[in-house]
Amino acid sequence: MRLDQKIAIVTGGGSGFGEGIAKRFAEEGCKVMVADINDEGGNRVVAEIVAAGGQARYQHADVTKDADWAVLVKATLDAFGGLTTVINNAGVTHRNQPLTDVTEEIFDRVYAVNVKSIFHSTKHCVPHFRKVGGGVFVNVCSTAGVRPRPGLTWYNGSKGAAITTSRSMAVELAPDKIRVCVINPVAGETPLLSEFMGQDTPEIRAKFVSVIPLGRFSKPQDIANTALWLASDEAEFITGTCIEVDGGRCV
């Protein structure tokens, strides 16, 4: 069990990459707190983990709210007696469209979920990590923050901010034995895919896949396996790194 004795919060754990991460972690012995605003999805994922012999709980949490983070961390400590790992996976985008067509409301939502959530997680989890002598953040960002494409400008910017924030966190928190790493997935089979593409048609899918050298979208298992390694003791000397899980898209 590669994550034996580990206890993780996985935000956005009710679907997509978060679901894949939560299930993979549980398979490797991690106790998982699935956090989401989608109660149906979150409870389903927990039920499936438990049915497979894993340990998991669900906590409703809006990652943009400080109070929800306070409740989430307390619920994790109460349920499992500790916290070793935080997977900041929850994310949103705006529809693929001209940058001037995105409303201020949507812009604010994108930055709140993709960037401010990391601020909240840091505020509520770092004190615990310092108290116990270390911990790990794995922030799921995007190739959009590395190789941006037109039509997703404000989303691209939010992911670029999240990447830079994560790298700065890694340096500042290293003396506390707190590691911070980034996973940058290429577009994948998640609920956000149709928003990334603007329209979900075979032609547009083919266009997106054509720029991925390995010839397919990313899958939750791809991201989960990378997160598994970064969260494990095998990666104990890895911090501040950004891993593109992108089939070669960013080469």
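The values are calculated or read from the model by the stated rules, or taken from the named source; none is laboratory data. Values in this document were obtained by computation on a predicted structure and should not be read as measured data. Virtual Cβ from ideal backbone geometry, glycine too; neighbours counted across all protein chains shown.
Points to keep in mind about this one:
- Sole exception among (1) over 20 Å from residue 215 (Cα atoms); (2) at pLDDT below 95; (3) of a type in the set (Val, Ile, Thr) for residue 178, by number: (2)
- Residue count, segment 3-30 (criterion: among the basic types (Lys, Arg) and over 16 Å from residue 223 (Cβ atoms)): 1
- Qualifying residues in segment 19-62 (those that are under 18 Å from residue 91 (Cα atoms) and among the polar types (S, T, N, Q)) - the one surrounded by the fewest Cβ atoms within 10 Å (Cβ to Cβ): 38
- Some residue of segment 152-166 being closer than 25 Å to residue 24 by Cα, surrounded by fewer than 16 Cβ atoms within 10 Å (Cβ to Cβ) and among the polar types (S, T, N, Q): no
- Here residue 184 qualifies as of a type outside the set (A, V, I, L, M), in contact with a Cys (Cβ under 9 Å, 6 or more places away or on another chain) and within 25 Å of residue 45 (Cβ to Cβ).
- Only one of 103, 76 that is within 29 Å of residue 156 (Cβ to Cβ) and either at pLDDT 95 or above or surrounded by 21 or more Cβ atoms within 10 Å (Cβ to Cβ) (or both): 103
- Among the residues of segment 116-149, those that are within 19 Å of residue 186 (Cα to Cα) and surrounded by 21 or more Cβ atoms within 10 Å (Cβ to Cβ) comprise 138, 139, 140, 141, 142, 143, 144, 145.
- Matching option when the condition is at pLDDT 95 or above and of a type in the set (Phe, Trp, Tyr), among 137, 196, 208: 137
- Scanning segment 167-211 for residues that are touching a residue at least 24 places away in the same chain (Cβ under 8 Å), farther than 22 Å from residue 228 by Cα and among the aliphatic types (A, V, I, L, M) yields 192, 193, 197, 211.
- Within segment 50-102, the set of residues being more than 27 Å from residue 239 (Cα to Cα) and hydroxyl-bearing (Ser, Thr, Tyr) comprises 58, 100.
- For segment 65-91, the tally of residues that are within 24 Å of residue 181 (Cβ to Cβ) and touching a Lys or Arg at 6+ places or on another chain (Cβ under 6 Å) stands at 3.
- The set of residues in segment 1-30 being within 17 Å of residue 60 (Cα to Cα), touching a Leu at 6+ places or on another chain (Cβ under 9 Å) and assigned to a strand (DSSP E or B) consists of 8, 9, 11.
- Residue match in segment 43-50 (condition: of a type in the set (A, V, I, L, M) and within 27 Å of residue 177 (Cβ to Cβ)): no
- Failed criterion for residue 60 (all others in (1) within 17 Å of the chain's Cα centre (by Cα); (2) free of Cβ contacts under 8 Å to residues at least 60 places away in the same chain; (3) under 23 Å from residue 183 (Cα atoms) hold): (3)
- Verdict on residue 184 being closer than 18 Å to residue 63 by Cα and in a strand (DSSP E or B): no
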